[in-house]
Amino acid sequence: MKIYVDADACPVTDQIKEVSEQEDIPVILVKSFDHFSHGEDSKHVETIYVDKGPDMADFRIMKLAKQNDIVITQDYGLASLLIGKGCIVLHHKGYTYTENNIDQLLNSRYTSAMARKRGERTKGPKPFTTEDKVKFSHLLKQQIAQMKK
């Protein structure tokens, strides 16, 4: 089992590193060269840089992730594809993408995009909170515990 992170805009990277170190699970951060850093992570964290461009990180994650790997992303399209591969896919707000909720999430995204195209204003996401970080950490620990059974 590995944890892959769509890391360009992931607000829970620190929480992922902390939980994965406690559980001794390797983490692969996938991000664009635009987010290059010389900073060092612990030995269980690997960073893969991809070319700049839409969906480049998504393509790499799709190529690398295997059944029963955990992937953290906020991209509904990527989540949909990964569910089909048998991955456990989590959102940083603390919920799991499933076959039961992904169609509704994709439809909601499409409906909002069409409304914006017509010039309508749509609500953006609620601000990310400390409670969201706690909820995410709890969910990640719960998923790992379930998979280790």
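The values are calculated or read from the model by the stated rules, or taken from the named source; none is laboratory data. Because the structure is a prediction, the values reported are computed rather than measured. Cβ placement follows ideal geometry from the backbone for every residue including glycine, while neighbour counts extend to all protein chains displayed.
If we scan the stretch 90-100, do we find a residue that is modelled with pLDDT under 90 and either surrounded by fewer than 13 Cβ atoms within 10 Å (Cβ to Cβ) or not hydroxyl-bearing (Ser, Thr, Tyr) (or both)? Even if it seems obvious, please write down each step before you answer.
If we filter the stretch 90-100 for residues that are modelled with pLDDT under 90, which is where we start, we get 99-100.
Okay, now just the ones that are also either surrounded by fewer than 13 Cβ atoms within 10 Å (Cβ to Cβ) or not hydroxyl-bearing (Ser, Thr, Tyr) (or both), so 99-100.
Yes: one or more hits.
Considering Val134, Val71, which residue is in contact with a Cys (Cβ under 6 Å, 6 or more places away or on another chain), surrounded by 12 or more Cβ atoms within 10 Å (Cβ to Cβ) and either part of a loop (DSSP other than H, G, I, E, B) or aliphatic (A, V, I, L, M) (or both)?
Going through Val134, Val71 in turn, just one is in contact with a Cys (Cβ under 6 Å, 6 or more places away or on another chain), surrounded by 12 or more Cβ atoms within 10 Å (Cβ to Cβ) and either part of a loop (DSSP other than H, G, I, E, B) or aliphatic (A, V, I, L, M) (or both): Val71.
Return the pairs, sorted by first residue and then second, in which the second residue is part of a loop (DSSP other than H, G, I, E, B) and modelled with pLDDT of 95 or more, the first residue lies in the stretch 66-80 and is farther than 13 Å from His91 by Cβ, the beta carbons are less than 7 Å apart, and the residues are 6+ apart or on different chains.
That search, which allows pairs on different chains as well, returns Gln67/Lys85; Gln67/Gly86; Gln67/Cys87; Asn68/Gly86; Asp69/Lys2; Asp69/Cys87.
Could you check the stretch 81-131 and list, in sequence order, the residues that are β-branched (Val, Ile, Thr), closer than 22 Å to Cys10 by Cα and free of Cβ contacts under 8 Å to residues at least 24 places away in the same chain? Spell out how you get there, then give the answer.
Taking the stretch 81-131 first, the residues β-branched (Val, Ile, Thr) are 83, 88-89, 96, 98, 102, 111, 122, 129-130.
Of the ones still in play, those that are also closer than 22 Å to Cys10 by Cα are 83, 88-89, 96, 98, 102, 129-130.
Residues satisfying the conditions are Ile83, Val89, Thr98, Thr129, Thr130.
Considering only the stretch 47-68, state which residues are surrounded by fewer than 14 Cβ atoms within 10 Å (Cβ to Cβ) and among the charged types (D, E, K, R). First the steps, then the outcome.
Here is the first cut: in the stretch 47-68, the residues surrounded by fewer than 14 Cβ atoms within 10 Å (Cβ to Cβ) are 51-55, 63, 66-68.
Matches in the stretch 47-68: Asp51, Lys52, Asp55, Lys63, Lys66.
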